[in-house]
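Asker: Dumping the structure here so I can ask a few things about it.
The values are calculated or read from the model by the stated rules, or taken from the named source; none is laboratory data. Predicted model only: the values in this text are computed from it and were never measured. All Cβ positions, glycine included, derive from the backbone under ideal geometry; neighbour counts span all protein chains shown.
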Amino acid sequence: MARYAVYIDGFNLFYALKKPYPEFLWVNYSALAKSILGPQDSLSEVVYFSALATWKPRDVQHHRTFIKAQRWANVEVVLGRFREKDVKCHLCQKVFRTHEEKRTDVNIAVRTVAGAVKDVYDRAVLVTADSDLIPAIQTVHDLTPAKEVGVMLPIGRNSYDLRGAADFIRKMPQELLKRCLLPAEIVAGRDTIRKPDNWV
């Protein structure tokens, strides 16, 4: 019997699904987290980490709808932010304005370590293929040797470094994602949450 915490790297999973599996973008993170549990296990918390692309009004509107649906499913949402950044093209030397996601990796790392130290979980699962989170796993091992941190790699993604650092690995097959979708229409009190048309 173990208490689980599941921490979801939103954009890492989003981009793994966007082109090859857009039908799974309306995923229920609570259901995905519960699929990891054994019969005697419990779920301490499910946390979704992301940021709003504020320069894309349509995308932000859809993202806010998705966040509402996750909160309806009892998923905590932690938002970082995007920062504008100038990038110089090495070929043409022109400077382009782009946006860089900030704080998400740090937010996930801090929550993973804090959850271990505060005894929120026995086993944490990071839903990501981002090897930047390896120091967080190592810190949990150093500070709380009895705790375990596993990884659920997004479908189609791999990270040998993460595999080496994690205590266990969970897969994300298509059959699982099919079973873990949100309803197309959710009644939440006086509010109705509808899956956006042509979301991506």
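Asker: So in segment 1-14, with the set limited to residues that are outside any strand (DSSP E or B) and over 11 Å from the mean Cα position of the chain (by Cα), which one is surrounded by the fewest Cβ atoms within 10 Å (Cβ to Cβ)?
Answerer: Kept after step one, since they are outside any strand (DSSP E or B), are these residues of segment 1-14: 1-2, 10-14.
Narrowing further to those that are over 11 Å from the mean Cα position of the chain (by Cα): 1-2.
On the way: 1: 8, 2: 13.
Out of the qualifying residues, it is 1.
Asker: With crowded, with 22+ Cβ neighbours inside 10 Å, closer than 25 Å to residue 51 by Cβ, at pLDDT 95 or above and not small (Gly, Ala, Ser) as the only criterion, which of 120, 151, 110 stands out?
Answerer: When all the criteria are applied, what remains is 151.
Asker: Show me the strands (runs of 3 or more DSSP E) entirely contained within segment 40-99 in which 3 or more residues are at pLDDT 90 or above and buried (at least 16 other Cβ atoms within 10 Å of the Cβ). Spell out how you get there, then give the answer.
Answerer: Working: elements: 42-50, 76-79, 81-88.
Qualifying strands (runs of 3 or more DSSP E): 42-50.
Asker: Could you figure out which of (1) under 20 Å from residue 17 (Cα atoms); (2) in contact (Cβ under 8 Å) with a residue 40 or more places away in the chain isn't true of residue 122?
Answerer: Answer for residue 122: the failing condition is (1).
Asker: Which one of 179, 190, 123, 103 is under 18 Å from residue 11 (Cα atoms) and either of a type in the set (Lys, Arg) or over 16 Å from the mean Cα position of the chain (by Cα) (or both)? Quick ask: steps written out before the conclusion?
Answerer: Working: 179 fails: under 18 Å from residue 11 (Cα atoms); 190 fails: under 18 Å from residue 11 (Cα atoms); 123 fails: under 18 Å from residue 11 (Cα atoms).
It is 103.
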